[in-house]
Each structure stands twice: as C-alpha cells, then as structure tokens.
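First up is the structure itself, then whatever we jot down about it.
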Amino acid sequence: MKTYTIALLPGDGIGKEVVPAAVRVLESAAQGFILSFTPFEWGCEYYLRAGQMMPADGLDQLRPFDAILLGAIGHPSVPDHISLRELLLRIRFEFDLYVNLRPVEILPGLQSPLRWKKPEDIHMLFVRENTEGEYAGLGGRFKRGTADEVALQETIFTRKGTERVIRYAFEQARKRPRKRLASVTKSNAMQHAMVMWDDVFSEVARNFPDVETARYHVDAAAARMITAPESLDVVVASNLFADILTDLGGALQGSLGLAASANLNPVARLGPPVFEPVHGSAPDIEGRGVANPIAAIWAASLMLEHLGEAETAARILTALHNVTREGHVRTPDLGGNNTTEEFAAAVIAKIQTAAAAS
C-alpha cells in the first residue's frame, strides 16, 4: 500500500491547534493509502530555547518527506523578520517553491462581507510568485540610529522566475471553465522590473491563445476585488503584491481562518512542497481552543490533491462544504461558539457518513 510521509510543522500559536485537527481529518479520510506523520517542534518557542528557528540541518531533515503541513509561524516574542525569514522563507527559497497557490472562494453557507455579491461572484485562484521580488532579502542599513541612516531594500525579478510563474498561471487558467487570467503589476511606477513582467506576460500569452487576458495595476486590482470580483478568475502577481491581495481575498471569504495555500515547485523537486493556512499564529486566541481549522483542513486537501489522491481530497472538501452549508457548527470568527475540536469532529462525521453510504 502506498505510504506518504508528511512532516508536521505546527509552529506557533494556533498552528498547534489547527494542524492536529487537520491531521485527524486526514486520518479519517485516507483510504487505499497510508499517511505517516512526523512532527517537528520548530518555531518561535524553539528559537527562544536554541537561538534559531530550526536546526542548521533542518532542510536536510525535511528533504526526504513527500510534503510538509505547516501551521503558523510567528510570535510577539520573536521579531517578525527573524521568524519569517529563518524558517518559512528559508524553506520556500532553498526548496525553490516558486508557486504560492491561493484559492479565494465563498464556502457554502457562509457570506462574504460583500453581501450584495453571490458566492459564484467570488471564485478566484491567485498564483503568487514565491521566491523573488521584495522578499529576496537583498539590501542593508547604513549609519544605523543616526539622522543620516539609510535603508536599502532591493527587489529582484529574473526573466526565468517571472516566466515560469506566469506560465504556470496560464496553465491553471486553461483548466478552468472561464479560461481568464489577470496579471497584476505597478508598471506605471516601477519602470524596470514591472515592465519586464509585462513583457514576459505578453510573450507567454502567445502560447495560450485560448486564455483571455487582462492587466491591472495593483491598486486597481484591489479595487476590482471589491467592486467587481466576478471579473477575476485566475490572477498572477509578484511576491509582495499577491501577498497583500490574497489577504484581501481572505477577508472577502469572511475570515482569514478560511485562507489555505500551497507552496509548490511544479517542475523540479529540491524538497517537499509546503501546505499551510495563512491566518498567522493569532496569539490573542492561542490556547483557547476556538481557532478556525477550515484553512488547515483545506490546505490538507490541497496536499492530497498534489500527492495524486484527488478522490480523497474531494471527499474532505465535500465534507467541509456540508458542515459549513448546514451552519450548525461554527467557530467564533464565523459567528458561532464551537471549538476547533468540535468543528473537526463535524467534518470527520460527514466523511464517515459518506463512507458508510458508499
């Protein structure tokens, strides 16, 4: 029987609550294959003990796994630039996980803050460039702490990095019914990097004549997500721009507790892909047992789909949709009073009921 090895990185805060919930859902749904989980305690608590977010050989420890399920990284006790860069970005960059995939959809039974829009009006897929741009980390500070202090932050765009993520976005758009792809830049202000992005987008588009294209500046795209979300299908953007827009997308979904993502390298394997909820560690509700596990469960479904277990991934999403559609079990961020455990148990019950009926 096929066995998939999964590294668990619950990380910090509510990550330690939603990842176990997602694991229980995965275990209840697995049929015809085995999931073997190995937990790692890396994160901010580990940093406070060891002075590093992960061991020096951490990447080598992770490399053999088929996938990584990550919870959340970050805590007020550790500066953000350390917690993000020394664990999550290190994994993304060194494993060259250049695609960050983020679905933005309204789950059945839930309502977007855009109450005049129907669920079918908000059905986007964001393809975020994940290894370049402003997050490359090049730059520095000079004359620190003086009136003459200077900070330089370089943004890096390569033709290779731009072309491959745009091509992947076109491939995703081609698979969807509407076959539409929007590219988001700020080329009216960033006359070098963003103009190159526009040029590459035009070049790649010639290979996908069946895909309808559009271009928006990032400020116009943000406005369009509010005023006309139905006009957006697949959206491709740089690391920083897509990071911001996808959080707006999470808000459109009704809660950041619903936002799932996949970090992928669709072409080469330097290390395992990473699947994560993107709600952050939420230290304000840590330990209360009320964190929304939907994003973690959704990310787990994306993981199974990527591993080739599409039927099981679909069973998890169907069960998740049935729970949200009925509306009996909801965590506080969705207006309910149920716990993380209770929500996961409701999803598991739907999976088991469907299995018994089949």
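Some notes on this structure:
- Local electrostatic count, residue 285, Cβ distance below 10 Å [Lys/Arg +1, Asp/Glu -1]: -3
- Radius, Kirkwood style, for the stretch 298-358 when every pair of distinct Cα atoms is counted (Å): 12.1 Å
- q = 0.20 Å⁻¹, the stretch 164-232: log10 I(q)/I(0) [Debye, one scatterer per Cα]: -0.85
- Computed packing ranks the peptides 268-281, 100-113, 344-357 as 268-281, 100-113, 344-357, most packed first, by mean other Cβ atoms within 10 Å.
- The three principal axes of the C-alpha atoms in the stretch 1-55 carry coordinate ranges of 42, 21, 8 Å, sorted with the longest axis first.
- Taken as Cα centroids, the stretch 1-70 and the stretch 73-115 sit 16 Å apart, rounded to the nearest whole angstrom.
- Fraction of alpha-carbon pairs over 17 Å apart in the stretch 126-187 - percent: 56 percent
- Estimated [θ] at 222 nm from DSSP helical runs (n ≥ 4, -39500 (n - 2.57)) normalised by residues in the chain, nearest 500: -12000 deg cm²/dmol
- Computed on the Cα trace of the chain, the radius of gyration divided by the Kirkwood hydrodynamic radius gives Rg/Rh = 0.96.
- Potential extension, residue 190-residue 121 segment - 0.36 nm per residue separation minus Cα distance: 21.7 nm
- Each Cα pair under 8 Å and six or more residues apart adds its separation to the average, and for the stretch 230-346 the resulting relative contact order is 21 percent.
- Looking at the stretch 93-139, the trypsin sites (Lys or Arg not before Pro) that sit in a DSSP loop and have at most 15 other Cβ atoms within 10 Å of their own Cβ are 115.
- Taking 7 Å steps out from each Cα toward its Cβ at residue 310 and residue 267 produces label points 2.3 nm apart.
- With one equal scatterer per alpha carbon and no solvent term, the Debye-computed log10 I(q)/I(0) for the stretch 1-123 at 0.11, 0.14 1/Å reads -0.51, -0.77.
- For the stretch 43-103, the Cα-based Rg and Dmax, in that order, read 12.1, 36 Å.
- Remark: C-alpha extents of the stretch 253-330 on the principal axes read 40, 29, 21 Å, sorted largest to smallest.
- Once C-alpha pairs closer than 8 Å and six or more residues apart are averaged by separation and normalised to the residue number of the chain, the relative contact order reads 23 percent.
- Among 245-251, 57-63, 136-142, 228-234, the order from most to least packed when residues are scored by Cβ within 10 Å on average: 245-251, 228-234, 57-63, 136-142
- The length gained on full extension between residue 142 and residue 176, counted as 0.36 nm times the residue separation minus their Cα-Cα distance, comes to 7.4 nm.
- Förster-model FRET efficiency, 30 Å R0, residue 356 and residue 36, C-beta, rounded to 0.05: 0.70
- Between residue 63 and residue 85, the FRET efficiency from the beta-carbon distance, with R0 = 22 Å, is close to 0.65.
- √(5λ) per eigenvalue of the Cα gyration tensor, the stretch 111-253, largest first, Å: 30, 20, 11
- Under the membrane-span-like helix rule (DSSP H runs whose alpha carbons stretch at least 15 Å along the helix axis, mean Kyte-Doolittle hydropathy 0.5 or higher), the chain yields 15-29, 193-205, 239-253, 294-306, 340-357.
No lab work stands behind these numbers, since they all come straight from the coordinates. Computed from a predicted model, the values in this text were never measured in an experiment. Positions of Cβ are generated from backbone atoms using ideal geometry, with glycine treated the same way; all protein chains shown enter the neighbour counts.
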